[in-house]
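Before any comments, here is the structure.
The values are calculated or read from the model by the stated rules, or taken from the named source; none is laboratory data. If you're wondering where the values come from, they're calculated on a predicted model, not measured in any experiment. When we count neighbours, we look across all protein chains shown, and the Cβ atoms used for this are built from the backbone with ideal geometry, even at glycine. To get the accessible areas, we keep the full protein, side chains included, count just its heavy atoms, and leave off ligands, DNA and RNA. Shrake-Rupley method; radii C 1.70, N 1.55, O 1.52, S 1.80 Å.
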Amino acid sequence: MSWSTADETLTIEQATFAGQPAIKVNSAGGGVATASYYDVSGRQFLGQDRYGISAWGGDASKPVMTDMFKPAPTFPQTARPGDRFQYTGKGERTHHVEDTVEPLDFDGFSDYTFVGFENVDVEIDGQPRTFKDTCHVSATFEDNRIEGWYAAGFGRIKFERYMGKELFMRDEIESIDAP
């Protein structure tokens, strides 16, 4: 299955990463592609392949870098609305072009709050649709904040990023292409 937002097209498929079964989320948009790998529960971020930038003459079919986390950043198995948790991990980054490997700390948002389960109303291919019981999380870093809504079987369907109190960007699911 694949779906699109205003900025990117995403697909989910089964894969193997670092020798273990995984969920692979492919993201492509603006000439840039990544493949993010999660354990089969979807809670552990195992790693990511970053592909060449086709607009700059890179080979978009081969990873330029691979990040592999151990321990993997992990969302908790259970949480109540309002619970805070840390999302951190360490690993290695392999630069395939430079043939180097270096230590890596997860550098994304790490201070999360589980807001709760919410219904999200969106328009898919021009038709209204409600995603029931999406998982709403919020994360902060310095003066930045993100809000994300995750739906079963899709992953993130809505995203907002704030700088201070101002909405910096918003993205949400717009179309679904079933296989």
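Normalised size of the stretch 38-145, defined as Cα radius of gyration per 2.2 N^0.38 Å with N residues, equals 1.35.
Where the eigenvalues come from the Cα gyration tensor of the stretch 76-138, what are the semi-axes √(5λ) of the equivalent ellipsoid, largest first, in whole Å?
In descending order, the three semi-axes are 34, 21, 7 Å.
Residue separation of ASN119 and ASP7 scaled by 0.36 nm, minus their Cα-Cα distance, works out to 38.1 nm of gained length. Per-residue extension of 0.36 nm, minus the Cα-Cα distance of GLU98 and GLN14, leaves a gain of 27.3 nm for this segment. Accessible surface ranking for HIS136, HIS96, 1.4 angstrom probe, highest first: HIS96, HIS136. Annotation: amide H of ALA18 has no partner in the under-5 Å range at sequence separation 5 or more or interchain, hydrogens built in the peptide plane.
With R₀ fixed at 22 Å, the C-beta to C-beta distance from ASP111 to GLU160 puts the FRET efficiency at about 0.85. Highest average first, the peptides 137-145, 109-117, 12-20, 122-130 ordered by how many other beta carbon atoms sit within 10 Å of their residues are 109-117, 137-145, 12-20, 122-130.
Multiplying the residue separation of ASP83 and GLU147 by 0.36 nm and removing their Cα-Cα distance gives an extension gain of 21.6 nm. Considering only PRO71, ALA18, VAL32, and ranking their Cα positions along the charge dipole of the stretch 13-110 that arises from unit charges at the beta-carbon of Lys, Arg, Asp and Glu, the one farthest toward the positive end is PRO71. LYS90 to THR130: FRET efficiency via 1/(1 + (r/R0)^6), r the Cβ-Cβ distance, R0 41 Å, to the nearest 0.05? Step by step, r from the Cβ atoms, then E = 0.55. One way to sum up the overall shape of the stretch 65-104 is the equivalent ellipsoid from its Cα gyration tensor, whose semi-axes run 31, 7, 7 Å, largest first. Of the residues ASN119, VAL97, SER41, the one whose Cα sits farthest toward the positive end of the charge dipole of the chain, with +1 on the Cβ of Lys and Arg and -1 on the Cβ of Asp and Glu, is SER41. About its Cα centre, the dipole of the chain is roughly 460 debye, where the only charges are +1 on Lys and Arg Cβ and -1 on Asp and Glu Cβ.
TYR38 contributes an accessible area of around 60 Å² to the protein surface, as traced by a 1.4 Å probe with all chains present. Pairs from the table (LYS24/LYS90; LYS132/LYS158; LYS90/LYS158; LYS70/LYS132) lying more than 23 angstrom apart at Cα are LYS90/LYS158; LYS70/LYS132.
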